[in-house]
Structure formats: C-alpha cells, structure tokens
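**Student:** Take a look at the following structure, please.
The values are calculated or read from the model by the stated rules, or taken from the named source; none is laboratory data. Values in this document were obtained by computation on a predicted structure and should not be read as measured data. FYI the Cβ positions are ideal-geometry reconstructions off the backbone, even for glycines, and counts take in every protein chain you see.
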Amino acid sequence: MLKIDVGGSGKYCDGMSRRSFVQLGVAGMASLGLADVLRAKEQGTGRTAKAQSAILIWLDGGPGHLDTYDMKPEAPAEVRGIWSPIRTNVPGFEMTELFPKQAQVADKFSIVRSLHHDTGDHFAGGHRMLTSKNMGVSGANNTGKFPSIGSIISRERGPNRRGMPAYAAVPVASSIGLNPGYFGGNWLGG
C-alpha cells in the first residue's frame, strides 16, 4: 500500500518510506505515456516516437550506488553492499534484489555512470547535481538561490500537455537543489 504524508514532513524520507517512493516511481513511469502507447499500438503506425519526457529518481538519503545499480559483488566486504545482485532483462547488467520490478524493465531506462562531483559534502554535492551550480565546500552556506533542473525546464519549455505541470517533485520540492531559486514560486515542482 502506498502511503504519502505531505503534511509537515521534513527532508529526506520523513513521511514516505523508500518502498512507497519506489512504488510511486514505478506507477508514475508506467502511467505517464500509457494512453499514447495504446493509441499508437491501435493505429499501428510502426514509428517510434521521440521521447518528450524524462523521469529523474533522486533518492535523497536513499541507498547508494553500490547497493542499487553499480553493485560490486566480487569486491572486498568493506566495499560491496549488503544486497545481492539479480539479473535484469538486459544481458550483462545486474542490479539490486531490492528492485525486482525495475529489473524486468531495465531495457526501458538508462543508467548514467559518468556523473560525479568533487565535494565530500552530500548536501553540497546534491545541490551541484540538481542545479549544476557549485555552492562551495559545505552545504552549510546554502542560500537556495539557484533553480533546479526541473524548474529550468519548466520555465524554458513549459508543459508537454496543457494543464499538466512541466515539473513535479514528490512529496514536495523542499530539498536543496529542487526549489525554483531566483525564478520564484511559479517554477516550483508541483
């Protein structure tokens, strides 16, 4: 059962379990383009449509890459995670046993392995990843002035469908790097 408490939840996972977050993400991915997929299948166009949307699953405070998509089961115990890898539907790609449904649709998403930042501070590193702006050595000097990637896309491109938000953050866009910064509230993820 999916449970979300968007009341006074603080940062990270307060009010929402990681399991509920993953369930919500999978449900969202499954439902976003379903109508278009079914319509195209019925019409039998034979064309592959150009992608119009992207879903970024940002697990602020969630499990690390060694426990999810970049497992190293043969590494020393100090390096590898506690979870076991399982096969996916992509030859040669294994991922955590925590995400068996994602393993079944691994050919439908991409893993970006070249992304990194040069700070040891998770707060500042997360800000860098979500805004492309360096906030310095420590996240303690946060002013939240830079807009998130989602806010930038929302402002520049607008929604794909009228009446639908161009950017959404669940449960709320409260984490550093998810807010609209100097763009203002019109560009906050819904």
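Results for (1) basic (K, R); (2) closer than 28 Å to F123 by Cα; (3) modelled with pLDDT under 90; (4) surrounded by 11 or more Cβ atoms within 10 Å (Cβ to Cβ), shown as yes or no for each residue.
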position	(1), (2), (3), (4)
V37	no, no, yes, yes
R47	yes, no, yes, no
K50	yes, no, yes, no
D60	no, yes, yes, yes
M71	no, yes, yes, yes
A77	no, yes, yes, no
P91	no, no, no, no
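**Student:** A173 fails exactly one of the following numbered conditions: (1) at pLDDT 80 or above; (2) within 15 Å of the chain's Cα centre (by Cα). What is the number of that condition?
**Tutor:** Every condition holds for A173 apart from (1).
**Student:** Please go through the stretch 86-108 and pick out each residue that is in contact with a strand residue (DSSP E or B) (Cβ under 9 Å, 6 or more places away or on another chain) and among the small types (G, A, S).
**Tutor:** Those that are in contact with a strand residue (DSSP E or B) (Cβ under 9 Å, 6 or more places away or on another chain) and among the small types (G, A, S): A103, A106.
**Student:** Follow-up. Search the stretch 93-116 for residues being closer than 16 Å to D67 by Cβ, under 15 Å from the mean Cα position of the chain (by Cα) and outside any helix (DSSP H, G or I), and hand back the single one that is modelled with the highest pLDDT.
**Tutor:** F99
**Student:** Return yes or no: is N186 modelled with pLDDT under 75, loosely packed, with under 12 Cβ neighbours inside 10 Å, in contact with a helix residue (DSSP H, G or I) (Cβ under 9 Å, 6 or more places away or on another chain) and of a type in the set (S, T, N, Q)?
**Tutor:** When the stated conditions are applied, N186 passes them.
**Student:** Restricting to the stretch 138-169, give me the number of residues that are in contact with a Lys or Arg (Cβ under 9 Å, 6 or more places away or on another chain), at pLDDT 75 or above and over 15 Å from I55 (Cβ atoms).
**Tutor:** Total satisfying the criteria: 2.
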